[in-house]
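Asker: The structure's right below; bear with me while I get my questions together.
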Amino acid sequence: LPRGSPQEHSIFQQQHEPQFSDGALSRQIRRCSSCDTRHCLTMLLVPAASVLPAAPLARASPQAHSILPPLPLPAQLLPPPPPGGRLSGAGATATAAASASVGLLVAGAAAVRSRHRPHRCLRGTVSPPQRLSAGRPRLQRAAATAVLRRATATSAAPPEEDEDEDEYVEEKSRYRPATPRERQFGRAAPAPGRGRASQGVELPIPQLHIVAVQRQLPMMAEDSEEPNEVVNGFLELISACQKQAPELLGSWNAGVGPILRLAAAVPKGKWRRSPMDRWAPERSAEELERVMQKLDRQDEGPEIGADCLPLLEALLKHLLCDEYPPSNALVGGFLWNDGAGGVLRECEGREVVLSSGVGIKLCLKFVKLYAAVALGEKPVAAFKDLLSPELTKKMVRSFLDAPGAASFPSALTPVELPEDVRHVQPLAVTLAGPLAALRLAQAESLGGPAAVGRAVAARTRLGKELGSPAEEAFASEALAWCCRFADAPEFEDERNIGIAIEWLLSQHATDPSFSMVLGGNPRAPKNIVAAARRAAGSLELQRLQTTGLRFSPNPTGVKGFIKKGVMAPFGEPSREGGLASVMKLFGRDNSPLDDEVYVPNSWQGDEYEPCAKEKAFLKDTTKMKRATVRIDEILSFEYMQYVGKTMANCLRVEKRGGQSLMKYLSRVKARDSSFWVMTITADDEDDKAEGDKEAPVQHMLLVELYNQMRVLHQAEGPHPRRWPRADAWGWLQEWAEQEGLVPDGPEGVTVGPYGNYTGELGPWAIER
């Protein structure tokens, strides 16, 4: 872990082509019958009496070519386990070497037991993701390290001359990083130059909490200049808790989670005192040992651990505070959990509900704010620097003096235990957050009633995430406008306050020059609410983006796309005259249509076929409307489900039992891929327009982007015509040019693997 995340616990990967007389590893060159390309295959050599079964290379596209899948060793080659089924020392080492996948070695560290209690260890992952099945033996760290060192020393031996050496060097020089899809299905070729494996780290906390740390530590440390310092600080805090207050190690919400946030947000160099100094009541070693032995057996859940909060308070005051600690209103950064990051379940009664990446980033800002004020910085300056330059002294004072801020919190966030992946936390969870408290303080300082603050915090995105300085400046204007007209009849219903603020924010996002003043006068609440109702479709999509299980934005900084004032036809050519039976299969149309016509590329179309009906539809001026084109990243599971249902694709839980959905979901949660949706929305020319008729919103494309490679992997339209419309294909190219994306990289949207295309075709030729 000091050298990287658990996913970077690498395994021995051979870089040359050595031949060994003692029999350890061997690399062979095989020629693929499909593409006439030579590929390298690393195998374990076994005694002469045993022979590994040969396996030909599977036929695949050039983009999917990599080393062969693992060749499992016959069961008779594995050393027999001793009585009791547990292996250790040389036996575990031999089993690891024999059971490792082709070219792979388990870089794991197992439980190392002391005289009284087990020490848990973070373990390196096995790729492909599979663990030893026979008794699930845990390898001793020393044994695994010895195997790795021997393997590394062997790999350093100079290769012998071989007639295929030149071809192998040429193949190695063409190495490219594996795509997310190749890594997911275990077809990734080894990277040249990968070095030694990292060591495991012992953590005296339950395994359930270790997994939670593995999930959330990378997100917390990615903005840190010294990620290793985050890990070292966390280990020091855990060690101090083990010796003084082990109860904190048994609770995620009141112990391990807040400690992890503290280590990620406040470097060790800023701590006033060492955590090893006495800060908790002194107890005997026997009593501390009894507490440690119970950690794995006690209940764990979202509302368990409140009795540990006094110990957390003592730790924070010891590390950061002088005689006068900061307001307890800032403690929410340590304790708040939006419950939108999924759930880890060890067994019934032992669950951890995780915070989303967005919620973690927000909490870290408030943790930094707590530390800055505790270390002597002026509160107003710290608030402006870390949260928003628009905050005034009056707003900051209102926040710090909020009711209940006089004492340390005695309860945890009222998070519900999700029953399934589509669970949505109640509004009480949002209102319990530190950002909601800040919005309430802003509304109060602007002279608005508490109802305005509650509506803004609970029913808009302002209660869940901080915007950029420009976005926060406009949000302050919108909030001041809402407080000014709080007595308007339209705002008697808090829901109207929410949709009015959301509409204003969406208008500013589309047009940064949008103003709250129209013709020298403030915009009228009546007109704003009417415009918001007409835009209900697009506002509902914005609401879904912050509902339920949330995804972190892509780590490479790719932004969305907005283009206003385009003329686009609304509808689908497949609906125009004669696809009743086909469309009813997808629940897309209930109108009685006459006969059934052929739609090119409906399901089996691997190669592009032009559609005359589609071309005629795109030229039909009666279908045209002035519209805004948007390409937005999908940031929640609820929105992903909505898009899957609307476009009738495999992002639906109902499709294939959810197997396709979970495949894509795992890539999103790992942040290897991000999914984007292209929509067109009819423009509302003026917010004074009469009536509440909802403006149409149409989903055009679903796009998968390989984040690190910046490769557009998929771009699929709604069924039954999966291929992008010509206008959508053009807008996709504009977005790609804006963000530096490519369509023809590894597994790109215009790259095979189906047809053998000839002729002069550019990278954006849809015929590819």
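The values are calculated or read from the model by the stated rules, or taken from the named source; none is laboratory data. This is a predicted model, so every value here is computed, not measured. Don't worry about glycine lacking a Cβ; one is built from the backbone with ideal geometry, like all the others, and counts go over all protein chains shown. The area values use the complete protein model at the heavy-atom level, side chains included, leaving out ligands, DNA and RNA. Shrake-Rupley method; radii C 1.70, N 1.55, O 1.52, S 1.80 Å.
Asker: Among Glu282, Glu289, which is open to solvent by 20 Å² or more (accessible area, probe 1.4 Å), part of a loop (DSSP other than H, G, I, E, B) and at pLDDT below 95?
Answerer: The unique qualifying residue is Glu282.
Asker: Condition check: in a loop (DSSP other than H, G, I, E, B), loosely packed, with under 12 Cβ neighbours inside 10 Å and either modelled with pLDDT under 90 or not charged (D, E, K, R) (or both). Does Asp277 satisfy that?
Answerer: no
Asker: With respect to Val456, is the statement that it is open to solvent by less than 60 Å² (accessible area, probe 1.4 Å), more than 16 Å from Ser388 (Cα to Cα) and touching an Asp or Glu at 6+ places or on another chain (Cβ under 7 Å) true?
Answerer: no
Asker: When you look at Val415, is it open to solvent by less than 20 Å² (accessible area, probe 1.4 Å), not hydroxyl-bearing (Ser, Thr, Tyr) and not in a loop (DSSP other than H, G, I, E, B), yes or no?
Answerer: So Val415 does not fit the description; no.
Asker: Separate question: Sort out which residues of the stretch 418-430 are under 28 Å from Trp481 (Cβ atoms) and either among the basic types (Lys, Arg) or surrounded by 16 or more Cβ atoms within 10 Å (Cβ to Cβ) (or both), and write them in order of number.
Answerer: Correct list: Val429, Thr430.
Asker: Right, Glu222: open to solvent by 10 Å² or more (accessible area, probe 1.4 Å) and within 23 Å of Arg273 (Cβ to Cβ) or not?
Answerer: no
Asker: Out of all the residues in the stretch 499-544, which are more than 25 Å from Asp632 (Cβ to Cβ) and in a helix (DSSP H, G or I)?
Answerer: Pro525, Lys526, Asn527
Asker: Now a separate question. Of the residues Gly404, Gly447, Gly433, which single one is in contact (Cβ under 8 Å) with a residue 24 or more places away in the chain, closer than 18 Å to Leu330 by Cβ and open to solvent by 40 Å² or more (accessible area, probe 1.4 Å)?
Answerer: That would be Gly404, the only listed residue that is in contact (Cβ under 8 Å) with a residue 24 or more places away in the chain, closer than 18 Å to Leu330 by Cβ and open to solvent by 40 Å² or more (accessible area, probe 1.4 Å).
Asker: Only one of Gln714, Gln698, Gln733 is at pLDDT 85 or above, surrounded by fewer than 22 Cβ atoms within 10 Å (Cβ to Cβ) and not in a strand (DSSP E or B). Can you tell me which?
Answerer: From the options Gln714, Gln698, Gln733, the qualifying one is Gln733.
Asker: Being among the basic types (Lys, Arg) and out of contact with any His (no Cβ under 9 Å at 6 or more places or on another chain) is the filter; apply it to the stretch 250-274 and report the residue that is most open to solvent (accessible area, probe 1.4 Å).
Answerer: If we take residues in the stretch 250-274 being among the basic types (Lys, Arg) and out of contact with any His (no Cβ under 9 Å at 6 or more places or on another chain), then Lys270 is most open to solvent (accessible area, probe 1.4 Å).
Asker: Further question: Scan the stretch 459-489 residue by residue and report those that are out of contact with any Asp or Glu (no Cβ under 8 Å at 6 or more places or on another chain) and part of a loop (DSSP other than H, G, I, E, B).
Answerer: Correct list: Glu465, Gly467, Ser468, Phe485, Ala486, Asp487, Ala488.
Asker: For the stretch 549-576, which positions are part of a loop (DSSP other than H, G, I, E, B) and either modelled with pLDDT under 85 or hydrophobic (A, V, I, L, M, F, W, C) (or both)?
Answerer: Leu549, Phe551, Val558, Phe570, Gly571, Glu572, Glu576
Asker: Exactly one condition in (1) modelled with pLDDT of 60 or more; (2) in contact with a strand residue (DSSP E or B) (Cβ under 9 Å, 6 or more places away or on another chain); (3) part of a loop (DSSP other than H, G, I, E, B); (4) of a type outside the set (Ser, Thr, Tyr) is false for Val211; which is it?
Answerer: Every condition holds for Val211 apart from (3).
Here is a yes/no grid of residues against (1) in contact (Cβ under 8 Å) with a residue 40 or more places away in the chain; (2) touching a Lys or Arg at 6+ places or on another chain (Cβ under 6 Å); (3) under 20 Å from Asp683 (Cβ atoms):
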{"residue": "Ala428", "(1), (2), (3)": "no, no, no"}
{"residue": "Ala451", "(1), (2), (3)": "yes, no, no"}
{"residue": "Leu466", "(1), (2), (3)": "yes, no, no"}
{"residue": "Ser476", "(1), (2), (3)": "yes, no, no"}
{"residue": "Trp481", "(1), (2), (3)": "yes, no, no"}
{"residue": "Ser538", "(1), (2), (3)": "yes, no, yes"}
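Asker: Then there's this: Are any residues in the stretch 483-503 small (Gly, Ala, Ser) and either over 19 Å from Gln542 (Cα atoms) or in contact (Cβ under 8 Å) with a residue 60 or more places away in the chain (or both), and if so, which ones?
Answerer: Ala486, Ala488
Asker: Out of curiosity, is Lys384 over 24 Å from Thr546 (Cβ atoms), surrounded by fewer than 15 Cβ atoms within 10 Å (Cβ to Cβ) and among the basic types (Lys, Arg)?
Answerer: no
Asker: Might you check whether a residue that is closer than 28 Å to Ala536 by Cβ, touching a Ser or Thr at 6+ places or on another chain (Cβ under 9 Å), open to solvent by 10 Å² or more (accessible area, probe 1.4 Å) and at pLDDT 90 or above occurs anywhere in the stretch 644-663?
Answerer: No, that holds for no residue.
Asker: Exactly one of these conditions fails for Gly520: (1) free of Cβ contacts under 8 Å to residues at least 24 places away in the same chain; (2) open to solvent by less than 40 Å² (accessible area, probe 1.4 Å). Give me its number.
Answerer: (2)
Asker: Those residues that are among the polar types (S, T, N, Q) and in contact (Cβ under 8 Å) with a residue 60 or more places away in the chain, I need them from the stretch 197-255; list them, please.
Answerer: Ser198, Gln199, Gln207, Gln214, Gln216, Asn228, Asn232, Asn253
Asker: Given Ile259, Ile304, which one is closer than 19 Å to Val352 by Cβ, among the hydrophobic types (A, V, I, L, M, F, W, C) and in a loop (DSSP other than H, G, I, E, B)?
Answerer: Ile304
A quick yes/no check of all residues on (1) closer than 21 Å to Pro326 by Cα; (2) part of a loop (DSSP other than H, G, I, E, B); (3) in contact with a Gly (Cβ under 8 Å, 6 or more places away or on another chain):
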residue	(1), (2), (3)
Glu390	no, yes, no
Arg397	yes, no, no
Ala402	yes, yes, no
Ala411	yes, yes, no
Val429	no, no, yes
Ala437	yes, no, yes
